[in-house]
Amino acid sequence: MDTIKVEMICNRSQGRCRATEQAAKSDIELFFDAIAKRHSNRGSIVFICIGSDRSTGDSFGPLVGTMLQEGGWPNVFGTLEKPCDAHAVEQAAQAIHKDAIVIAIDACLGKPTSVGRFIAAEGPIQPGKAIGRRLPAIGHYSIAGVVNANGPKAYWMLQTTSLYQVIQMAKEIAGAIDSAWCKTERSQSARNDVFKITNR
């Protein structure tokens, strides 16, 4: 779990991410669309879904991981059954092939107006920073879900987070990921069909 105050969204014209004040669902879809266009092979993508099933707010990552795994994604670390908490992140990082594209997903606390939104970045996430742990940054890309407002007692804020909201946020992320790669695969299939027709 990390506490981050700056949201990131996709730069619509350049397919990159930049700092901004807001990050809406449509921007998250654009973020994953850009990644899928660069890295269309699902087998090369590894999801590190950080969090714990013992805390409502911190279950965001494992919930996303479970949804991705159930959706057929082959390389997922961190599910409700086998969470990838602060203790397991380093082990997961060591198990990843050097050529893999890593997308790290975690929960965070933020401004009250940002709750329910996402922080998307082209770059790693720093798991455990908010609770004083010095864990290695991880991810070529990262997503943090703002599950609750920041406060003096981060652990308490995570424990009192709405489970319904966390589930809805997890569905948004898993849905955006599936949609992005499905669109890319359809586009590649259409191009291949055109190529076959023109070469008959």
Item checked: Complete set of residues in the range 67-91 that are touching a residue at least 24 places away in the same chain (Cβ under 8 Å), assigned to a helix (DSSP H, G or I) and crowded, with 19+ Cβ neighbours inside 10 Å -> MET67, LEU68, VAL89
Next item on the list: Return yes or no: is SER114 hydroxyl-bearing (Ser, Thr, Tyr) and free of Cβ contacts under 8 Å to residues at least 40 places away in the same chain?
Entry: no
Notebook entry, point to check: Which of the residues spanning the range 112-152 are surrounded by 14 or more Cβ atoms within 10 Å (Cβ to Cβ), modelled with pLDDT of 90 or more and either of a type in the set (Lys, Arg) or out of contact with any strand residue (DSSP E or B) (no Cβ under 6 Å at 6 or more places or on another chain) (or both)?
Noted result: GLY116, ARG117, ALA149
Note to self: Let me spell it out: the conditions are (1) outside any loop (DSSP other than H, G, I, E, B); (2) buried (at least 21 other Cβ atoms within 10 Å of the Cβ), and SER52 meets all of them except one. Which number is the exception?
What the structure shows: (1)
Next item on the list: Return the total of residues in the range 45-60 being of a type in the set (Gly, Ala, Ser) and touching a residue at least 60 places away in the same chain (Cβ under 8 Å).
Entry: 3
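The values are calculated or read from the model by the stated rules, or taken from the named source; none is laboratory data. Bear in mind that the values here come from a model prediction, so they are computed numbers and not experimental data. Note that we place each Cβ from the backbone using ideal geometry, even for glycine, and neighbour counts take in every protein chain shown.
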